[in-house]
2 protein chains.
Amino acid sequence: MKNTVIALAAAGLLSTAVAAPRKPTAPKKSAQEILAASPATDWRPLDPDNTLLMELATGSVLIELAPRFAPAHVANIRALARGGYWNGLAVLRVQDNFVTQWGDPDGEDAAKARPLPAGAAPKLPAEFSVPISAVGKAAGFTRLPDADGWAPRTGFAEGMPVAADPKTGQAWLTHCYGMVGAGRSEAVDSSNGAELYVVIGQAPRGLDLNITVVGRVLKGMELLSALPRGTAAMGFYDKPEQRTAIQRVSLLADLPAAERPSLQVLKTESATWAQLLDARRYRSGWFVHSPGYIDVCSASVPTRAGP
Amino acid sequence: MKNTVIALAAAGLLSTAVAAPRKPTAPKKSAQEILAASPATDWRPLDPDNTLLMELATGSVLIELAPRFAPAHVANIRALARGGYWNGLAVLRVQDNFVTQWGDPDGEDAAKARPLPAGAAPKLPAEFSVPISAVGKAAGFTRLPDADGWAPRTGFAEGMPVAADPKTGQAWLTHCYGMVGAGRSEAVDSSNGAELYVVIGQAPRGLDLNITVVGRVLKGMELLSALPRGTAAMGFYDKPEQRTAIQRVSLLADLPAAERPSLQVLKTESATWAQLLDARRYRSGWFVHSPGYIDVCSASVPTRAGP
């Protein structure tokens, strides 16, 4: 136990010591130059068991799942994808500066709702946060020195934006742009991952710790963010014909290898990612003022085409 | 001078004393109930001299200008609108999670660029910030008690999100969702308000103090945020036919009274606005966790149909 605490402290999630503010010197390299110079070892391939491919008429969306933060929801989402649950369902809701949401248009009507495939649960316990011990070093957590108003600690783990509170001992994924969550009703255990949403505006951090976040859009975000906004309450579409049809959602692992998109994700524990964050903190070139600060939703972890 | 300092301290911009954190008790009323109960005196009409109407084929966008923060740019924008400068020009750039930008597609080509109308300057001094004394009580500045990572002080003035730094004595409009700025090239005095952009994603606060912010979209934001993203560098459109045509941009004051949209804006110095912010800080109902915090970009100032 003592060793665990030490390991976590080293990872920064429990530690109160934050790196002293550095001198705001402009980085010598631009973000493009930093990425161009990044070693191959700073990138990782997609994990086929943790990546969804959502096919729309306009193109494909790739979503990376976060089993470390929402193990039960991710397992259910795998079962839903394997059972073809979303094939032929639709984007139901686009609320400006908030979320795009998809699922079963008849999901609220027990008589018409699409049955869940074998192995998929109708509801799951809330996974709003996990013990800090489940994140920490194991997930390569890197803490941001920048203060955050919403949480005592923020940083990144396995490509995802993370917050943590040493007082409660909990860590959670934060609602940044492109993060994907599982819609729920009033009951905290009413979500199962069948109805998902993605953040398309200013980070609604007030949702943190109130709903289960399951992953992040890696590619194709613009196919979900540029959809017409719904005109009914909460951005739901008024008429069925306004919805965007979902052709197919698959887990990459269930696709023949030749059909799996090849993408690499920058490791958030890499020196390249640290340099990219510094390039945003300490601006140069066109910028005449350097903020000397970023927040956990200021930057999305880059991806690039795989080999 | 001493009186001025006292007045500013009272307004909170120079004061270091922040309201003590209150007990996070859930508000008794929802945002809808707070708005429904708001007195008529908490609302103000549009100022026709400070409101632009941008007409697209899909509908109209209303933009409130901020002459207190960018007097020269706002004066130039008035001259550009009066001269019909934007009529027939286009939305040129939509970069996902960043900005939508409009202006003259041939603006960079001196031979083909649309001439500026009489009274419009080709370039203006930077208006990245103004002395705090220009904001303060005169603009009804209300300070947020919530700490902000990007600036020592934040709050609202005349319906706009504002930041300030007592050390520099400067205040500025913050790049929140829906805020409108004047594009510039390398030179800080290269903008004139002819090319404008609006924030359509996570607040790019790193732009604060680097570019002149001129106002805020009050209505029709979804007509600019849901446009297809450009596929060329920085989200510019590859082909002219991908652009969205601007039919007309008018200053409300130049339209016959019957053609002016009637809209009211909630006063940010009102009790109603303070209650709405509290309703976001201290959640109830569906929420099981209350953040006890908001940031200056968490909430947009409401509007409603005028009488």
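Derivation of every value follows stated rules applied to the coordinates shown; laboratory data play no part. Computed from a predicted structure; not experimentally measured. When we count neighbours, we look across all protein chains shown, and the Cβ atoms used for this are built from the backbone with ideal geometry, even at glycine.
For this structure, a couple of remarks:
- Between copies, the label points at B:ASN87 (set 7 angstrom from Cα along Cα-to-Cβ) are spaced 5.5 nm, reported in nanometres from shortest to longest.
- Relative contact order of region A:2-305, pairs being alpha-carbon contacts under 8 Å that are 6 or more residues apart, as %: 29
- Cβ-defined net charge surrounding A:ALA36, 15 Å radius [Lys, Arg +1; Asp, Glu -1]: +1
- Straight-line reach from A:LYS28: taking Cα to Cα under 13 Å and skipping same-chain neighbours fewer than 8 places apart, the aspartates and glutamates in range are A:ASP278.
- Virtual spin-label span in nm between B:PHE287 and A:SER284, 7 Å along Cα→Cβ: 4.2
- Under Stokes-Einstein, with the Kirkwood radius over Cα pairs as Rh, the value for region A:2-305 at 37 °C and 0.692 mPa s is 162 µm²/s.
- The protein assembly as shown, dipole about Cα centre (Lys/Arg Cβ +1, Asp/Glu Cβ -1), debye to the nearest 20: 1200
- Simple spin-label estimate for B:GLU33 and B:GLU186 in nanometres, 7 Å along Cα-Cβ: 5.9
- For the protein assembly as shown, the 222 nm mean residue ellipticity estimated from helices alone, with every DSSP H stretch of n ≥ 4 adding -39500 (n - 2.57) and the total spread over all residues, rounds to -4000 deg cm²/dmol.
- Residue-wise HN-Hα coupling along region A:250-257, computed from phi with Karplus coefficients 6.51, -1.76, 1.60 (Hz; x: Gly, Pro): 10, 7, 3, 4, 8, 9, x, 3
- Rounded if a/c under 1.5, otherwise prolate or oblate - region B:214-307, Cα gyration tensor axes: oblate
- The alpha carbons of the protein assembly as shown stretch over 68, 55, 53 Å along the principal axes, in descending order.
- Taking the label point 7 Å along Cα→Cβ, B:ALA113 and its counterparts in the other copies are spaced 6.0 nm apart, in ascending order.
- Cβ-Cβ FRET estimate between A:ALA40 and B:ARG82, R0 fixed at 45 Å, reported to 0.05: 0.20
- Of the peptides B:168-177, A:271-280, B:29-38, the ranking by mean beta-carbon count within 10 Å, highest at the top, reads B:168-177, A:271-280, B:29-38.
- Packing here is the average count of other Cβ atoms within 10 Å per residue, and on that basis the peptides B:294-306, B:209-221, highest first, run B:209-221, B:294-306.
- Percent of alpha-carbon pairs separated by more than 18 Å within region A:157-208: 41
- Taking the Kirkwood radius as Rh and the Cα radius of gyration as Rg, region A:107-166 has a ratio of Rg/Rh equal to 1.21.
- Amide H contacts of B:ALA90 (H built 1.01 Å from N, under 5 Å, at least 5 apart or other chain): B:GLY103, B:ILE246
- Mean-position separation - Cα centroids, region A:110-176 and region B:100-130, in angstrom: 46
- Between helix B:2-11 and chain B: long-axis angle, C-alpha atoms, 0 to 90°, nearest 10: 80
- Nm distances between copies for A:TRP286, ranked from closest, using label points 7 Å along Cα→Cβ: 3.7
- Cα coordinate range in region B:159-245, projected on the principal axes (Å, largest first): 48, 30, 20
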